[in-house]
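One structure below.
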Amino acid sequence: VLQGTRSDAISRNATYEVQYDLDEHRYRVVTPFRAATEQYVGGLAATNEERQALPWHKLPDTVRFRSIAVGTDSFEKAMVIVRFDALGSASGHVIVLDQPADQNTYTIEVQGLLGLINYHAGLFERVAPREDDFQ
C-alpha cells in the first residue's frame, strides 16, 4: 500500500495521504480527487473535506500497531496522517508492528526526502550520521 500510494502520487502529480488509526488497528488511503457525486464528476478536490477516502483496511487479527513515529513525535494511540507528494518524497515515518502470538516485531521505515520504504525484522532504529562518517 505504501509503495503503491507513493507511485500514484508521482504518476498523478498530486499529494496522497495514508491515515493510520492506531486505536482500531487499521489504515486507509486518501486520494487528492473529489468523490464523484450528483454535483461533481470527479477532478481534484478543492478542500481536504472533499478528498476521496478509500475504504479502511484492518490489520490481520494477529498483527497490531505498536507505534508510529513521525519526525521526533511518537504515537501509540490516535490517528496519524502522513503524506506522499508528487516528487516522491513523503512524511518520514516509522511504523512498528507487533505479532504477539509469535512474539515478533517488524519495523517499516519510510524515508522522508526520498520516499523510500525499508522493511526490518525486529525493532529498528536508524542511527543518525556522525561527523566522521563524511571524512
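The values are calculated or read from the model by the stated rules, or taken from the named source; none is laboratory data. Note that the structure is predicted; figures quoted are calculated from it, not measured. Neighbour counts are summed over all protein chains in view; Cβ atoms, including those assigned to glycine, are modelled from backbone coordinates with ideal geometry. Calculation scope for accessible area: heavy atoms of the full protein, side chains included, ligands and nucleic acids excluded. Shrake-Rupley method; radii C 1.70, N 1.55, O 1.52, S 1.80 Å.
Assorted remarks:
- A convex hull fitted around the alpha carbon atoms of region 31-79 yields 120 Å³ per residue.
- Förster-model FRET efficiency, 25 Å R0, L87 and L44, C-beta, rounded to 0.05: 0.90
- If R0 is 25 Å, the Cβ-Cβ spacing of Q19 and I108 corresponds to a FRET efficiency of close to 0.95.
- Sparsely packed loop sites in region 1-109 (the chymotrypsin sites (Phe, Trp or Tyr not before Pro) outside DSSP H, G, I, E and B with at most 16 other Cβ atoms within 10 Å) comprise Y40, W56.
- Share of carbon and sulfur in the accessible heavy-atom surface of the chain [1.4 Å probe, %]: 51
- Relative to the dominant Cα principal axis of the chain, helix 2-11 is inclined by about 50°.
- Put simply, the C-alpha atoms of the chain give a gyration tensor, and the ellipsoid matching it has half-axes of 29, 21, 11 Å, longest first.
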